[in-house]
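J.: Let me begin by handing over the structure; questions about it come next.
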Amino acid sequence: MNTKRWLKPVMMMSAMGLVAAQANAYEAGDWIARVGAIKVAPDEKSDSIVLPTAPAATVLPGVSVDNDTQLSAMGVYMLSDSLGVEVLAATPFSHDISLNGVNIPAGDTKHLPPTVSVQWYPRGNASGWQPYLGLGLNYTTFFSEDPSKELTDALGALIGANRVALRLEDSFGLAAQAGVDIPLNDRWSLNMGVWWVDINTTAKVKTDVGTVKFDVELDPMVYNIGLAYRF
């Protein structure tokens, strides 16, 4: 995990929270709804891709995955004045996948990353800004994986493939987060949050010649900004 990428937004959120002074105490039994814009920025590490060709194998230096921003929706139930359980959802993210080392797109995919976290609010029963830290579990499901025409043509030239399909395995891993609710009044707050999510997948490129598999660690930083409402 890149420590600098993690600390910078946390420090910014804390500095903004220090200026908030309106009442916003959290109590056991409260429900908090958050909506906003959420960005997934993968910090991917990819295995090399070995294509079986004659007389020797062709090795490509893995793939890269671009960022995407969607709408977020989060619900929090306060188990106590300082502990809450959050469920994170979002509209489907869409990512373009590119082959490293060659100037062609590999394809695209969509994913949903529902995440459940236990959150600690050190100032939950006090008025003013509400910072929190969370730790939870993420399940990422990939769907609508489509290989590009450029990839299909390249595999046809390299290994004689006529049909190409792309498949990404679902992922289950840890998620760590930090955030803050900055009160606008007794019910509404400005919310900012950042997550690091452990997302690992195995990519399978299936052809009529054979199947190539390689592992990709996505491990994205996730950034959210929006509004929170306390019931």
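J.: Examine region 138-145 for a residue that is at pLDDT 95 or above, under 27 Å from Ser72 (Cβ atoms) and acidic (Asp, Glu), and state whether such a residue exists.
T.: No, because not a single residue in region 138-145 is at pLDDT 95 or above, under 27 Å from Ser72 (Cβ atoms) and acidic (Asp, Glu).
J.: Could I ask something else about it? Residue under question is Asp198, and the condition is that it be surrounded by fewer than 20 Cβ atoms within 10 Å (Cβ to Cβ) and in contact with a Gly (Cβ under 8 Å, 6 or more places away or on another chain); does it hold?
T.: yes
J.: Output the number of residues of region 40-69 satisfying the condition of being modelled with pLDDT under 80, part of a loop (DSSP other than H, G, I, E, B) and touching a Gly at 6+ places or on another chain (Cβ under 7 Å).
T.: 1
J.: Continuing with the same structure: Kindly provide the set of residues from region 114-168 that are outside any strand (DSSP E or B), at negative phi and small (Gly, Ala, Ser), ordered by number.
T.: Residues satisfying the conditions are Gly124, Ala126, Ser127, Ser148, Ala154, Gly156, Ala157, Ala161.
J.: Also, quick follow-up: Sort out which residues of region 83-104 are over 18 Å from Gly36 (Cα atoms), among the hydrophobic types (A, V, I, L, M, F, W, C) and in a strand (DSSP E or B), and write them in order of number.
T.: Leu83, Val85, Ile97, Leu99
J.: A further question follows. Name the residues in region 76-117 that are among the hydrophobic types (A, V, I, L, M, F, W, C) and either farther than 15 Å from Tyr26 by Cα or modelled with pLDDT under 95 (or both), would you?
T.: Scanning region 76-117 gives Val87, Leu88, Ala89, Ala90, Phe93, Ile97, Leu99, Val102, Ile104, Ala106, Leu112, Val116.
J.: Only one of Tyr132, Tyr139 is buried (at least 19 other Cβ atoms within 10 Å of the Cβ), among the aromatic types (Phe, Trp, Tyr) and either in contact with a Lys or Arg (Cβ under 6 Å, 6 or more places away or on another chain) or free of Cβ contacts under 8 Å to residues at least 60 places away in the same chain (or both). Can you tell me which?
T.: Only one candidate qualifies: Tyr132.
J.: Now a separate question. Would you mind finding the one in Leu168, Leu184 that is out of contact with any Ser or Thr (no Cβ under 9 Å at 6 or more places or on another chain) and among the aliphatic types (A, V, I, L, M)?
T.: Leu184
J.: So, one more: Exactly one condition in (1) touching an Asp or Glu at 6+ places or on another chain (Cβ under 8 Å); (2) loosely packed, with under 15 Cβ neighbours inside 10 Å; (3) under 26 Å from Arg34 (Cα atoms) is not met by Asp215; state its number.
T.: (3)
The values are calculated or read from the model by the stated rules, or taken from the named source; none is laboratory data. The model shown is predicted, which means the values in this text are computed figures rather than measured ones. Cβ: placed from backbone, ideal geometry, glycine included. Neighbour counts: every protein chain shown.
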